[in-house]
Amino acid sequence: MTVASRRTLLKGLGAAGALAALSGCGVPSAYIAADERGAADRSARDKRLAFANWPLYIDTDDEDAARRPTLEAFEKRTGIAVTYTEEINDNDEFFGKISPSLMNHQETGRDLVVVSDWMCARFVRLGWVQEMDRARQPRVAKYLDPLLRSPHFDKGRRYSVPWQSGITGIAYNREQLGREIRHVNDLWADDLKGRVTLLSGLDEAFALLMQGDGVDITRWTADDFHRVCDRVEKLVRGRHIRRFTGNDYIKDLESGDVLACQAYSGDVIQLQADRPEIEFVVPEEGAELWAESLMIPNLARHKRNAEALIDYYYDPEVAAELAAWVNYVCPVPAARDVLASAKDKETAALADDPLIFPDGAMRKRLAIARDITSKERPELAKRWNGIAGL
């Protein structure tokens, strides 16, 4: 099974960054007040909903890729017909697609969307998503991983619920390198000169690098950021860092051109199926835990139906079925016991994979980074993009 990555790079500020900056400067046209976000809910009489997601981010039938077993089971159980589209290929691109409607207080045609945490933060700041009714989501309230319950951008997860989660850490070829990597600073050793890559996206890269400097990423400062940039800039000038990448770091690892790099846990699980010598490390000083989360856009006409679908995927049995297919960090820890009891040995083994269900020691080293505010973004993006060559 091959799962394409959905963690994409941020190329400059772009339209999304410009809008976020406007909202931070007090321009009222972008922000939507709480009492203007809802619309008459048609859920009771119109049993359907429109769900926009990333490609290859839901389970499919082994014999018919057009069929999605967990989604079909939801439709059968509830009578709600789901129009499922794999239209999100890039956070900024999708933002650009739906932002004109949201800014102008118009329907997007979507009841449920999945975007990365840093993009979720923009939607929340702009007031472009509706608060969910947790009374209608008892499974979310009961089973959501405590590590993911209250990110900086959405305290208490009032506006977002993780679809899947992941870890930004370090991947390396232990066989070729001939030693272990245990710290972020191990990337800067002389024997890795010219054989290291970093992620090019600001939002994807900065947290792990700060953790290597001992920074608490839940409360980092601009000074922390610039100190890291000073170091990275020096490493680029000295040609220690080979290049900055999107998800093409996988090809570099496979070819042997790169021996160590920033990487996403889900990608490495897939890579290890063919290349067991590739290891993924959560550094001793910590790694970033992130999520791609479900949100209900303003004026969605099937809000209750969307809330029901979200809660359905927090049933541990359903979460286990999804986790077994996508192989990202499961936001429902209770799904681990479900997988462990599976009759199929390969499926049962997933319960012991710390990149799907992080163990206690790993969990202590994971943190969700404070998001970059709209006020900070222009300065920080300019500095980072100048170093990364974006």
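Since every read-out is calculated from the coordinates, none of them should be taken as a lab result. Computed from a prediction, not measured in an experiment: that's the story for all the values here. Note that each Cβ is placed from the backbone with ideal geometry, even for glycine, and that neighbours are counted across all protein chains shown.
Taking the beta-carbon count within 10 Å as an exposure proxy, list Ile167, Ile98 from fewest neighbours to most.
Ranking Ile167, Ile98 by Cβ neighbours within 10 Å, fewest first, gives Ile98, Ile167.
Taking the alpha-carbon distance from Lys234 and a cut-off under 21 Å, which lysines remain once sequence neighbours fewer than 8 residues away in the same chain are dropped?
Candidates past the 8-residue exclusion: Lys193, Lys382.
In percent, how large is the relative contact order of the chain, given Cα pairs closer than 8 Å and 6 or more residues apart?
Result for the chain is 28 percent.
Per the Kirkwood treatment, what hydrodynamic radius in Å, one decimal, follows for segment 131-211 from the mean inverse distance over all distinct Cα pairs?
16.0 Å
How would you order 342-355, 136-149, 204-217 from highest to lowest mean count of nearby Cβ atoms within 10 Å?
Peptide ranking by packing, descending: 204-217, 136-149, 342-355.
Note down the net charge around Gly156, summing +1 for each Lys or Arg and -1 for each Asp or Glu among other residues with Cβ under 12 Å from its Cβ.
+3
So, how do all the Cα-to-Cα distances of segment 197-278 break down into 5 Å bins, in percent, from 0 on up?
P(r) for segment 197-278, in whole percents per bin: 3, 13, 23, 22, 17, 13, 7, 2, 0.
Sort 83-94, 67-78 by the packing proxy (mean of other Cβ within 10 Å over each peptide's residues), most packed first.
The peptides rank, most packed first, as 83-94, 67-78.
Using only the alpha carbon atoms of segment 33-92, find the Kirkwood hydrodynamic radius as the inverse mean reciprocal pair distance, in angstroms to one decimal. Intermediate results must be reported in sequence, preceding the final value.
On the way: mean 1/r = 0.0731 Å⁻¹.
When all Cα pairs of segment 33-92 are included, the Kirkwood radius is 13.7 Å.
Near Lys47, which aspartates and glutamates are there with a Cα under 20 Å away, not counting those fewer than 8 places off in the same chain?
Within the straight-line limit of under 20 Å, Lys47 reaches these aspartates and glutamates: Glu72, Glu75, Glu107, Asp111, Asp133, Glu307, Asp311.
For His302, what charge total do you get from the other residues with a beta carbon under 9 Å from its beta carbon, if Lys and Arg give +1 and Asp and Glu give -1?
Cβ neighbours under 9 Å give a net charge of +3.
Give me the net charge of Ala40's neighbourhood, meaning all other residues with Cβ under 12 Å from the Cβ of Ala40; Lys, Arg count +1, Asp, Glu -1.
Result for the neighbourhood of Ala40: +2.
From the Cα trace of segment 231-381, what convex hull volume per residue do you get, rounded to a whole Å³? Intermediate values should be presented prior to the final figure.
Details: hull volume 25.3 nm³, N = 151.
Expressed per residue, the convex hull around the Cα atoms of segment 231-381 is 167 Å³.
Based on alpha-carbon atoms only, what is the radius of gyration of the chain relative to the globular estimate 2.2 N^0.38 Å?
0.97
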